[in-house]
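Visitor: What follows is a single structure, and I will ask about it in a moment.
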Amino acid sequence: HQVFAERSQLMMVLAVLWPMGVYVAAIFAVGLYVSSLLLITYFMRRYGRYGWLPTASVAVGVPLFFFLVFERWFLVQLPKGPLEALLGF
């Protein structure tokens with residue numbers, strides 16, 4: 001009888017799965033862009049062990065890039081939260 005996955009392997013899967021679940025739930029509360037910023041920050045700090053400057057640069061830059069591409073260039077509306085509403089988007 002073979003084991004599907006060892007305990008350590010399941011823990012590695014859960015280490016990615018639960019933050020992704022929180023991310024999906026947070027999209028409904030704070031929007032896609034803020035949720036993405038938080039998820040990128042979490043993974044870069046927790047698992048990449050990057051400093052705050054590269055983390056902040058990527059965590060702000062990636063959602064900003066996708067905002068410009070989707071919202072401005074392709075005119076595709078993605079889920080937004082209260083921050084975007086406050087900024088007038």
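Visitor: Could you give the length gained on full extension between Gln9 and Leu75, defined as 0.36 nm per residue of separation minus the Cα-Cα distance, in nm?
Guide: 19.6 nm
Visitor: Report, in debye and to the nearest 20, how large the dipole of the chain comes out about its Cα centre when Lys and Arg carry +1 and Asp and Glu carry -1 on their Cβ.
Guide: Computed charge dipole of the chain: roughly 200 debye.
Visitor: Please give, to one decimal in nm, the separation of the simple spin-label points placed at Leu64 and Ala85, each 7 Å out from Cα toward the Cβ.
Guide: 2.5
Visitor: Where in the chain are the helices, taken as whole DSSP H runs, whose Cα atoms extend 24 angstrom or more along the long axis and whose Kyte-Doolittle mean reaches at least 0.0?
Guide: Helices passing the filter in the chain: 7-30.
Visitor: Let me have the 222 nm mean residue ellipticity of the chain computed from DSSP H runs of 4+ only, each contributing -39500 (n - 2.57), with the sum over all residues rounded to the nearest 500.
Guide: Helix contribution divided over all residues of the chain: -21500 deg cm²/dmol.
Visitor: Compute the projected area of the convex hull of the Cα atoms of the chain, averaged over all viewing directions, and report it in nm² to one decimal place.
Guide: Taking a quarter of the hull surface, the average projection is 7.8 nm².
Visitor: Give me, ordered by chain and number, the residues 5 or more places off Lys80 or on other chains with an amide H under 5 Å from its own placed amide H.
Guide: Those qualifying (amide H under 5 Å, at least 5 residues apart or on another chain) are Leu32.
Every read-out reported here was derived from the displayed coordinates using simple, explicitly stated rules and does not represent laboratory data. All values derive from a computational prediction rather than experimental measurement. Positions of Cβ are generated from backbone atoms using ideal geometry, with glycine treated the same way; all protein chains shown enter the neighbour counts.
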